[in-house]
Amino acid sequence: YTRLAYEPLLPVDAGGLSRERLSEGGASLRSYELMMIHRPEMAEPDVRTQISEVEKAIAEEGSVTDTDFWGKRRFAYEIDRMNEGYYSVVGFEGTTELIARLDRALSLADNVVRHKIMRRDDPTNPAI
């Protein structure tokens, strides 16, 4: 059996992935949410600039869906002798390779106190 050129690469139900949610390289694009906490001694415009730089890095390989800047908030507990920081949440779609690069870059960033990348629930596929 040889696959014909006009046959779809994905069956109708491919684990919740549609043909539209695939990148050009064939890797699946999934929805993620990135939460970052920046150092409290930074000025707010500098924090917003760094958030936009992260968005630009994401946009090179994926797409940013939304950004929510929470501002300066107190921590529930002390982190590295700090009691507050600037919170922000960035929603985006990307590949697992993008997630690995983003996680590595944010782990090395001095101005980011903590970060967490979470996969968003897909409301169209309750099995996830």
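Of note:
- Nonlocal amide H pairs with Val113, under 5 Å, H built at 1.01 Å: Ile37, His38, Arg39
- 3J(HN,Hα) from dihedral phi, the stretch 99-112, Karplus parametrisation 6.51/-1.76/1.60, rounded to Hz, x for glycine, proline: 4, 5, 5, 5, 4, 5, 5, 6, 5, 8, 6, 6, 7, 9
- Near Phe75, the amide H atoms lying under 5 Å from its own belong to Glu84, Gly85; only residues 5 or more places off or on other chains count, and H is placed 1.01 Å from N.
Each value in this text was obtained by applying a stated rule to the coordinates, not by laboratory testing. Treat the numbers as computed from the prediction; the structure is a model and nothing was measured.
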